[in-house]
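To start, the structure itself, in structure tokens.
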Amino acid sequence: MKTLQHYKNKYRYSAILLKQLVITDFKLRYKGSFLGYFWTLLKPLALFAVMYVVFIHFLKFGANEPHFAVALLLGIVLWTYFVEVTMNGMSAIVGKGDLMRKLAFPRYVIVVAGSFSAFINLAINLVVVTILILINGVVLTPRALLMFPIIMELFVFALAVAFLLSALYVKLRDMNYVWELVLQVGFYATPIFYPVSYIVAVSLVAAKVVMLNPMAQIIQDARYALVSDQTITTWKLLGGGWYVMIPVAIVVILIVLSGWYFRKASPSFAERV
């Protein structure tokens, strides 16, 4: 029977390499830029500022939603993390071709490293969200503890997509254009800058379909945990039942599928890149 020490020794090299890749990637990302790490904050804040002026100030989106400005920034921050993990993960294997030809190590470490690097940015951005929460007078309750499993689900979902994309991109270099289009459509199909109540007012069926999207479920659950208990979540909209687990089931299926395909394709990565 394999002991805990056996697994510790087996993955020790991978853990050391993962740590070094995360540190190196985070340091090099903004190396030579004037603002450096502040770009981590400026990108989502700039998008938030534009959407706040256009959709909240002028078009009055979310006028009846409590603290919708906070909900908007939270949605942008979570979506930005998903985009960063998947886009960087897609090109991770191809970008580390020279390293793979020189060293023998588990290929999954490269993709995971990019995910942890993006997670650091997410943590920084969530600090900004917390500051906006305090400024807007949002009362934090024990529901805020739900953010831990919500962030974990987001981390796993984004990483699963990144694994699948990274393996596909080795063979199909058009995947970057396809995924950019998917992200663009997904941004507008996910209730980030508009409340779910707007969709419900038009079509309850459409609202239910939208909330089956894992990113919609994650963002709305996060808003419920941090912003307001009046937030429409998948559970509230679908009224319970097994189908409320569909977004989580999608994440689980994607984990299995991406893990299987990545493992199957990884032996040929060094030759193809």
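Of note:
- If you plug the beta carbon distance of Ile253 and Leu146 into 1/(1 + (r/R0)^6) with R0 = 30 Å, you get a FRET efficiency near 0.80.
- Gyration tensor verdict on segment 117-219 (Cα atoms; rounded if a/c is under 1.5, prolate if a/b is larger than b/c, oblate otherwise): oblate
- Ordering Arg12, Arg223 by accessible surface, largest first, gives Arg12, Arg223; the 1.4 Å probe counts only protein heavy atoms, with every chain in place.
- Relative contact order, whole percent, for the chain stands at 25, derived from Cα pairs under 8 Å and 6 or more residues apart.
- Peptides 154-166, 170-182 ordered by packing proxy, namely the average of other Cβ atoms within 10 Å per residue, highest first: 154-166, 170-182.
- Each Lys and Arg adds +1 at its Cβ and each Asp and Glu adds -1 at its Cβ; summed about the Cα centre, segment 140-250 shows a dipole of about 80 debye.
- The chain - percent of accessible surface contributed by carbon and sulfur, probe 1.4 Å: 70 percent
- Semi-axis lengths, largest first, of the ellipsoid equivalent to the chain are 34, 22, 19 Å, with √(5λ) applied to each eigenvalue of the Cα gyration tensor.
- The label point for Leu134 and the one for Arg12, both projected 7 Å from the Cα toward the Cβ, are 4.2 nm apart.
- Accessible area per residue in Å² at 1.4 Å probe, computed on the chain: 54 Å²
- Cα-Cα over 32 Å, subset of Lys43/Lys96; Lys27/Lys208; Lys171/Lys236; Lys43/Lys102: Lys27/Lys208; Lys171/Lys236; Lys43/Lys102
- Helical segments meeting 24 Å axial Cα length and Kyte-Doolittle -1.0 threshold in the chain (DSSP H): 4-29, 68-90, 108-135, 147-171, 246-265
- For the chain, size of Cβ-based charge dipole, Lys and Arg +1, Asp and Glu -1, in debye: 1080 debye
- Once the chain from Leu181 to Phe58 is taken as fully extended at 0.36 nm per residue, the excess over their C-alpha distance is 41.5 nm.
- Positive-pole candidate from Leu126, Leu99, Phe58, dipole of the chain, charges at beta carbon: Leu99
The values are calculated or read from the model by the stated rules, or taken from the named source; none is laboratory data. In this text, all values refer to a predicted model and were calculated from it rather than measured experimentally. Cβ atoms come from the backbone with ideal geometry, glycine included; neighbour counts cover every protein chain shown. The protein model used for the area step is the full one, side chains on, heavy atoms only, and it has no ligands, DNA or RNA in it. Shrake-Rupley method; radii C 1.70, N 1.55, O 1.52, S 1.80 Å.
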